[in-house]
1. Any residue in region 105-123 that is in contact with a Leu (Cβ under 6 Å, 6 or more places away or on another chain) and within 14 Å of the ligand (Cβ to nearest atom)?
2. Those residues that are among the β-branched types (Val, Ile, Thr) and part of a strand (DSSP E or B), I need them from region 102-153; list them, please.
3. Of the conditions (1) closer than 28 Å to Thr6 by Cβ; (2) out of contact with any Phe, Trp or Tyr (no Cβ under 9 Å at 6 or more places or on another chain); (3) more than 16 Å from the ligand (Cβ to nearest atom), Lys153 satisfies every one except a single condition; which number is it?
4. Conditions first: (1) at pLDDT 95 or above; (2) within 13 Å of the chain's Cα centre (by Cα). Asp180 passes all but one, so which condition is the exception?
5. I'd like the full set of residues that are in a strand (DSSP E or B), touching a strand residue (DSSP E or B) at 6+ places or on another chain (Cβ under 6 Å) and not charged (D, E, K, R), limited to region 31-72.
6. Given the conditions (1) touching an Asp or Glu at 6+ places or on another chain (Cβ under 9 Å); (2) crowded, with 16+ Cβ neighbours inside 10 Å, which single one is not true for Leu104?
7. If I ask for residues that are within 15 Å of the ligand (Cβ to nearest atom) and either surrounded by fewer than 16 Cβ atoms within 10 Å (Cβ to Cβ) or in a helix (DSSP H, G or I) (or both), which ones from region 215-234 would you list?
8. Hey, among the residues in region 156-166 that are among the aliphatic types (A, V, I, L, M) and over 28 Å from Pro131 (Cβ atoms), which one's nearest to the ligand (Cβ to nearest atom)?
Amino acid sequence: MLTDWTTKHSERFGEDIVTFGHGLVESGLFTDEALIELMKKHPMEQMDVCSMSDDSDPAFPNQFMTGDFRGVDPKTLLDAAKAGRIFMNLRNAMNLHSEYKMLLDQMFGDLAKKTGFESFKPKGSILISSPISQTPYHFDKTQTILWHVRGKKRMYIYPMTPEFIPDEAYEATAVSYRVDDLPYDETFDRAAQICDLKPGEAVAWPLNAPHRVDNGSFCVSVTTEYSTRECVIKNNNMLANAALRRGLGFKPSYDNDGEFKRMAKAGMGVVLRKVGYIDRNDTPDMVSFKVDPRAEGFVVRTEPFIRDF
Ligand SMILES: [Fe+2]
């Protein structure tokens with residue numbers, strides 16, 4: 001599954017931005033026909049159909065809007081993604097369906113062999129997105145890899161310094177289950193590393209590196225995520241730091257903490273998690289448009305309501 005992997009890739013994987021070739025295109029599981037068959041059987045509650053809002057805060061551009069796609073057949077959804085401002089995420093599709101699970105097992109079986117890291121428990125989702133889709137500036141709390149399959153995508157990956165990812169912003173995402181965006185400024189782009197992805201190319205980056213993606217055409221990609229010991233310790237630290245900053249007025253810094261402090265805070269984070277410090281229901285998922293093939297861009301705005309499907 002890894003088509004051009006060298007020992008250099010193994011050395012840099014997880015530490016640096018690494019691009020590599022993969023064989024997902026040849027599987028035949030990402031053609032229009034295959035995706036339509038997949039959408040027919042994929043559970044509705046594991047699927048998001050989104051668009052981008054045009055009236056958002058300038059510091060948080062291109063925020064996603066959740067769409068109502070009930071009663072819309074898969075072929076029309078695919079047409080919507082090709083034509084309009086529609087973006088679909090088939091969450092965990094790589095785990096839930098046996099033919100895709102076989103691919104996922106190959107992808108990570110090969111990565112395990114090459115990197116020596118054996119304990120991958122990856123989740124894989126399939127993203128189907130329109131030519132003008134943009135994924136806003138954000139970071140992921142787990143290790144993420146983007147495996148690009150169809151179309152052209154430009155990915156911007158930013159440095160891991162406080163200017164690009166302030167501790168306070170990370171802490172906010174640790175406390176709130178649904179928040180994962182970071183404040184963005186166009187001048188950030190000067191420091192970004194740009195990866196132009198073609199079909200058959202994948203990119204991996206260091207844990208938590210902020211990034212954003214612009215589509216250059218209709219795109220199909222697989223995103224995978226997995227957790228490591230480092231992810232768990234850091235996420236628990238950020239939760240502890242959020243509590244210290246918000247509750248007690250401290251000014252904690254993850255970078256400045258040594259090993260001992262980090263381990264103590266990781267323990268504190270575990271306790272905070274157990275006592276329910278994370279507010280998992282702070283912002284309900286609000287549906288604000290309906291997919292309609294008769295409308296321009298397939299999007300009709302609706303009165304917002306809480307997603308219940
Ligand atoms: Fe991401």
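The values are calculated or read from the model by the stated rules, or taken from the named source; none is laboratory data. Everything quoted here is computed from the prediction, not taken from an experiment. Quick reminder, even Gly has a Cβ in these numbers, built from the backbone with ideal geometry, and neighbours come from all protein chains shown.
1. no
2. The first filter runs over region 102-153 and keeps only residues among the β-branched types (Val, Ile, Thr), leaving 115, 126, 128, 132, 135, 142, 144-145, 149.
Result: Ile126, Ile128, Thr135, Thr144, Ile145, Val149.
3. (3)
4. Result: Asp180 passes all but (1).
5. To start, the set of residues in region 31-72 that are in a strand (DSSP E or B) comprises 47-52, 64-68.
Filter once more, so that each one left must be touching a strand residue (DSSP E or B) at 6+ places or on another chain (Cβ under 6 Å): 47-51, 64-68.
Of everything in region 31-72, those that are in a strand (DSSP E or B), touching a strand residue (DSSP E or B) at 6+ places or on another chain (Cβ under 6 Å) and not charged (D, E, K, R) turn out to be Met47, Val49, Cys50, Ser51, Phe64, Met65, Thr66, Gly67.
6. (1)
7. Taking region 215-234 and keeping what is within 15 Å of the ligand (Cβ to nearest atom), we get 215, 219, 221-227, 231.
Passing the criteria: only Cys231.
8. Residues of region 156-166 among the aliphatic types (A, V, I, L, M): 157, 160, 165.
Filter again for over 28 Å from Pro131 (Cβ atoms), leaving 160, 165.
Numbers: Met160: 14, Ile165: 13 Å.
Among residues in region 156-166 that are among the aliphatic types (A, V, I, L, M) and over 28 Å from Pro131 (Cβ atoms), the one nearest to the ligand (Cβ to nearest atom) is Ile165.
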